[in-house]
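The block underneath contains the structure these notes are about, expressed in structure tokens.
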Amino acid sequence: MYNPPNPPPPPPGQNPYGGGGGYPPTNPSAPYHAYPVSSGSFGPGSPATAYPTHSPSFPPAPGAPMYAPPPGMPAPPAPQPPAGYPAPPGSPYPASSAYPGAPPASGPAPMYAPPASVTAQNYPAPASPAISAGPPGSAYPYPATHAPYGAPPPSPYGTAAPGGGGYGAPPGAAAPMYAPPPGMATGYPGQHAVGGLVGAGLGSGSFQCGPLLRYQNLDLRSGSWLGSVLMVSTPSVVDQGAPVLTWSDGGQQHQQSQQKVTGQAIDGYQQSIFWRFSLAIPQDPHVTKRITYSINGGPQYWFFIPGRSESFRWMFYSCNGFSLATDSVAFGGPNPLWDDFLAKHTQRPFHVMIGGGDQLYCDALLNEPILQDWLRIADVDERERVQCRPEWAQCIERYYFNRYCSWFSQGTYGKALAAIPTVNMWDDHDTIDGYGSYRHSTQASPVMRTIGAVSRRFYLLFQHHTTPALAPHHGFFSSGVGENILTSLGPSTSALVLDCRSERTKNMICSASTYDLAFAKLYNEIPVGTRHLLVVLGVPIAYPRLVFMENLMGSIGSALGAVTGAKKVVNRLNGEPELLDDMIDHWTASQHKQERNKFIVRLQHFAADRNIRVTFVSGDVHCAGVGRFTARTEPQEHDPHLMYQLISSAIVNEPPPAGVIRLLHFQDKVHELDGRVKTYEDMFPLFKTDVDGKALELDRLMPRRNYSQGEFNPQTGGIDITLFVENVRGGPEGTPGGDRGTKPYSIHVPRLGN
């Protein structure tokens, strides 16, 4: 394994790997209690169901908007087209409605399609961006206000400077991994209770969730960082005008450098309004800037944006919640690894957090008392045919809204969302366990379609600050279903974040048109000088095979439902084995093998054609590990087929038992793929020792909670990736075992080419 050079030493007195210090305590966070949640939704002790009653007119009349501005408040204006991605000719974007139409009578059911009881938003379609011809050699037109990925400005993204300098650095200069301007504070802002915001129009108790930060992209022509902030107001302030966000980059003329952004109402629920603040912040040519911001003169928060010559320092996490059967107290709750991460952020700021799926767990939806009438229908076929009643749809909406408001406002995770911009992609638990991998009749049933439609609505709002109508203008691309992302992480790295859940069926992960559009964008829109592509997938594409388990689950089928005492291993939705959807979720499942191999081969061609190293980043499987594809070409820098698979999961949820890890190691073999050339796939032996220094026999997968970080190494042209693994499994916070930090395990992804 390559041993990268030592990173720059930390400032005196700082531990390079953190340890839980340097982070202010959490202030009481009351806003998310504004709506009591239903029993079972958020663990023991939750109050009984006490949601606010739904509008008496629910479901709304046909054509009525799902969110109507209150009297005196203008309707949300058509957004100004931001600097985003244009679609190649002939690529349709989703219609300007909340949910697409019902699925066809036969064939795969899309993830989201509304029942009659859920109506679409009625916002006007966004204005189309101005289009001009692309630069010479560009295949597609692009918005006149944005330099596409094929045409960056000549100065910031140059070649490596002579003498080992960083990209864009002055000739002969060594670009530091992070160099804050003199006097810049790198500490993290305390999380104030958002209910304490004061200012014109919005007073105490005005917000019940937020602020939530999102990173969108870089506008290479103007040298600007693009992103947004989301706040959710309480129903009591619907007639008090739009809030105003004020931000500053801390320039010498502080007052003059302040910028104000008025919030845009993009949706509403029960008179709570989703306020989106669009940000376009000029980057410094070389160094990271600290951006402070506040809303209506309330508490100040801050985050960091890199200089134009800097690559992003990114963090990746997944499985950010507990399964229903997990004893969360035994693991110290959800905060220990987030505390560890934010301690590191205090020492050396991160520019972005990448959420790989399951940013929250919504499985408890099926415990809602109102939905038991549906689940108690004994005949599975009848249950799948029954129409979704209005009270069921209301319950589903209340659940997702309250679940997001709670989980995204509480604990250390809530603090991270206010201080580090996110790039997210969902997976099954953001809806319910296994969603997308059930049989067609289950997925197409009216109640399941309602669950998919409502979860998608709130996923787009809370995690992406957008709606289906606005998504094409907020940095997403689609071939018709789902929202995918291609974004820049600075001059060295781009990220393709593929939506592997919206189109998923039992036999398909993504459609051929989605792959075609994604590769068209990779070839035509990645900036000149890019050396690395991160492909973010919810489920690992390189992982030990579990086909024999899948076959076992499928062979016993629904017969388990007839066996006395077997209900614990049977899925309550359709009587299939409980683990079958987990088996089918994997890229290596028999149903997806051909699709998987074709995708890998196309990425091999792309890497060779564009001299860009491809690295997969995934979560889902509740353990840490590194998979690997290689043609065994030496040196590695000359092998375009070398693709590592980072597996980082879970940051909160329970790791699998030791027996499962042993079984996975037993199944780990070298597999051959006949692609561009013969490629070999295996798991990389990263974990030679455990966190206590003892030698490990099972050295390919680590069954401990974890998260990861990555950053471009300007000295080698590769990426240094570190998995931070929890030192002690379990133990409440503040007690021995619960607060001992993490141990780092590192790997270097080499550059491709000279």
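Length gained on full extension, Tyr523 to Asp373, computed as 0.36 nm times the residue gap minus the Cα-Cα distance: 48.9 nm. Neighbours of Leu279 by Cβ distance under 15 Å: Lys/Arg scored +1, Asp/Glu scored -1, total +3. Between Lys688 and His605, residue separation times 0.36 nm minus the direct Cα-Cα distance comes to 26.6 nm. Once backbone amide H atoms are built at 1.01 Å from N, Val535 has Leu496, Thr615, Phe616, Val617 as its partners under 5 Å, excluding neighbours fewer than 5 places away on the same chain. The residues Ser479, Ser222, when put in order of fewest to most other Cβ atoms within 10 Å, stand as Ser222, Ser479.
Calculated on the Cα set of segment 294-381, radius of gyration then Dmax: 19.9, 62 Å. My understanding is that a pair violates if its Cα-Cα distance is over 32 Å; which of Lys415/Lys743; Lys415/Lys593; Lys521/Lys678; Lys506/Lys669; Lys344/Lys688; Lys289/Lys521 do that in this structure? Beyond 32 Å: Lys415/Lys593.
Overall, segment 308-426 carries a charge dipole of about 680 debye about its Cα centre when +1 sits on the Cβ of Lys and Arg and -1 on the Cβ of Asp and Glu, all other atoms neutral. Couplings 3J(HN,Hα) for segment 712-717, derived from phi with the Karplus relation 6.51 cos²θ - 1.76 cosθ + 1.60 (θ = phi - 60°), are 5, 9, x, 6, 10, x Hz, where x marks Gly and Pro.
Close amide H partners of Phe304, meaning residues 5 or more places away or on another chain with modelled amide H under 5 Å apart, are Ile291. Seen from Val386, the other residues with C-beta closer than 15 Å to its C-beta sum to a net charge of -1, counting Lys and Arg as +1 and Asp and Glu as -1. Available extension along the chain between Lys598 and Ser257 is 117.7 nm, counting 0.36 nm per residue and deducting the alpha carbon span.
No value in this document is a laboratory result; all are computed from the given coordinates. Note that the structure is a prediction, hence the values are computed from the model and not measured. Note that each Cβ is placed from the backbone with ideal geometry, even for glycine, and that neighbours are counted across all protein chains shown.
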